[in-house]
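The values are calculated or read from the model by the stated rules, or taken from the named source; none is laboratory data. Just so it is clear, the model here is predicted, and its values are computed rather than measured. Neighbour counts run over all protein chains shown; Cβ positions are idealised from the backbone, glycine included.
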Amino acid sequence: MTAAEETRASPAEGIGEEDVLHLLRALENQDERAVLEQFAPLHPADQAALLHALDSEQRRQAAAITAAVLEPETLNWLDADVRDEVIEALGPKAAAAVLAELESDDAVEIMEDLDQGDRDAILEEMPAAERAQVEQALAYPDYTAARLVKRDNVVVPDFWTVGQTIDYCRDNSAQLPEEFWDILIVDPKMRPVGQVQVAEVLRSQRDTTMRSLRLKEQVVIDAATDQEEVARIFRRHGLNSAPVVDSGGRLMGIVTLDDIVEVVEEEAEDDLLRLGGVAESDRYTGPWLTALHRLPWLAINLATAVVASMVIGAFEGSIQQLTALAVLMPIIASMGGNAGTQTLTVTVRALAVGRLGRRETWKLIGKESVVGLLNGGGFLVIGLATAFLWFWQGELAIIFGIAMLVNVAVAGLAGAAIPLGLQRLGLDPAIASTVFLTTVTDVVGFFTFLGMASVVLL
């Protein structure tokens, strides 16, 4: 192994400010040799870190210079918007050469994020075999098992013997995947009938047929299956890999556990970002585009805030006569919002992992309603004591305590019911639930507190 290869064998401690400044100076001086000398020995993660540290124009310049030494895996470490800029700077021919060296599922993941024009130009430059694999995967919808398939596998017919399989692997070693642990076994129609570990093959006699070996559990996944469902199948069966088939049951390739880990991380990150109304690309896009991404979410929040304010406005006279109401109102809203968010988090999580059948749904709603009542009862006592010691008004303290009970109890019910209802309507609970929950707890809390205060105190 050369010194450069040893350096690339593992990520560095991280790219420091000195590395970035050195690269910036080399780019400013148009010193291509210095850029290449700094870039070539780096691990793909560190190459990506350097590219992330540059602005858009510098990134394009660096990518064009380093096309020949850019590690294919570097593209996997880049954020989508940065990756698009790098691929554009490479040009279709160089980009096709880099993508052809990646595993098929990684190439598909990168290609699916590109504009149609860029995608077509790169496909034109790719070798026929790789192009056919990518086009087959892209024919399926986003976020399906077909987009995760690794097509570089060892596949043998079920009537082969162990000896034939071993001889085949030795004679075709250049075409085999760099790393593989399982051998897929198919029938004459290319339908998967089993998979066996390489160790099991090596322990068997040469005249043993592949179909008679001790095969691993076979769980076949349809290519059109949603990737979240694929992740649930892996978790339910404890799989490390699983074959994926097309509509005719013919083998397309396999999905492996590392793909599932990426799916879980991607889905969790996506839900978290959308919960706040932001996108992963916000870090690298310009201010105007970022503002446009966030504007609809803020507009929805404004609309729901107006609804809550209208409730407050209906009791304007009561608030003017008794300023204590204005002091206590935010506490009512805050407690309801926090209690609802706790239930909301549990419910959205249960929906995400597919653990809510019809029976489990009603059990969850019932349980969270009871929890809301219990917590509300506790805060009725705490709220009553707090308001009385604060303002020394018994009736106000009782009203405040009752409002706390009602709002926390309603928050528990709403926190479970809202995401379930949104899912029934085909909407993503992780995106819209918070807005509706906040509106419900604000409106119920304000209406209960101010309504009772107006009737009893004024």
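Residues in the stretch 172-188 that are over 20 Å from L257 (Cβ atoms) and loosely packed, with under 10 Cβ neighbours inside 10 Å: S173, A174, Q175, P188. Does L427 satisfy the condition of being surrounded by fewer than 20 Cβ atoms within 10 Å (Cβ to Cβ), at pLDDT below 90, not in a helix (DSSP H, G or I) and not aromatic (F, W, Y)? Yes, satisfied. Taken together, the criteria place D81 among residues that are within 24 Å of the chain's Cα centre (by Cα) and not in a strand (DSSP E or B). Across the stretch 57-80, the qualifying residues are those that are in contact (Cβ under 8 Å) with a residue 40 or more places away in the chain and either hydrophobic (A, V, I, L, M, F, W, C) or surrounded by fewer than 18 Cβ atoms within 10 Å (Cβ to Cβ) (or both), and the one among them that is farthest from A34 (Cα to Cα) is A80.
Answer yes or no as to whether A67 is assigned to a helix (DSSP H, G or I) and not hydroxyl-bearing (S, T, Y). Spell out the reasoning first.
On the way: assigned to a helix (DSSP H, G or I): no; not hydroxyl-bearing (S, T, Y): yes.
In short, no.
Within the stretch 228-247, the residues that satisfy the criterion of being assigned to a helix (DSSP H, G or I), closer than 22 Å to L138 by Cβ and not charged (D, E, K, R) are V230, A231.
Given the condition among the polar types (S, T, N, Q) and assigned to a helix (DSSP H, G or I), answer yes or no: does some residue in the stretch 387-395 qualify? Within the stretch 387-395 (the criterion being among the polar types (S, T, N, Q) and assigned to a helix (DSSP H, G or I)), the answer is no, since none of the residues qualifies. The set of residues from the stretch 205-227 being closer than 18 Å to L138 by Cα and more than 20 Å from the chain's Cα centre (by Cα) comprises I221, D222.
Please work out if A174 is assigned to a helix (DSSP H, G or I), of a type in the set (G, A, S) and touching a helix residue (DSSP H, G or I) at 6+ places or on another chain (Cβ under 6 Å).
Values: assigned to a helix (DSSP H, G or I): yes; of a type in the set (G, A, S): yes; touching a helix residue (DSSP H, G or I) at 6+ places or on another chain (Cβ under 6 Å): no.
Taking the combined requirement at face value, the residue does not satisfy it.
Scanning the stretch 102-111 for residues that are surrounded by fewer than 21 Cβ atoms within 10 Å (Cβ to Cβ) and either at pLDDT 85 or above or farther than 19 Å from V244 by Cα (or both) gives a single hit, L102. Selection of first residues in the stretch 341-354 that are modelled with pLDDT under 80 and of second residues that are not in a helix (DSSP H, G or I), restricted to Cβ pairs under 8 Å at least 6 apart or on distinct chains, gives the following pairs, ordered by first then second residue: A350/L356.
Of the residues A139, A96, A132, A128, which is surrounded by 18 or more Cβ atoms within 10 Å (Cβ to Cβ) and either touching a Pro at 6+ places or on another chain (Cβ under 9 Å) or outside the structural domain of P192 (by TED's automatic domain parsing) (or both)?
On the way: A139 fails: surrounded by 18 or more Cβ atoms within 10 Å (Cβ to Cβ); A132 fails: surrounded by 18 or more Cβ atoms within 10 Å (Cβ to Cβ); A128 fails: surrounded by 18 or more Cβ atoms within 10 Å (Cβ to Cβ).
One residue alone meets the criteria, A96.
Go through the stretch 89-107 and report how many residues are touching a Lys or Arg at 6+ places or on another chain (Cβ under 7 Å) and free of Cβ contacts under 8 Å to residues at least 40 places away in the same chain. Show your work before the answer.
Here is the first cut: in the stretch 89-107, the residues touching a Lys or Arg at 6+ places or on another chain (Cβ under 7 Å) are 89, 103-105.
Subset that is free of Cβ contacts under 8 Å to residues at least 40 places away in the same chain: 89.
Here the count works out to 1.
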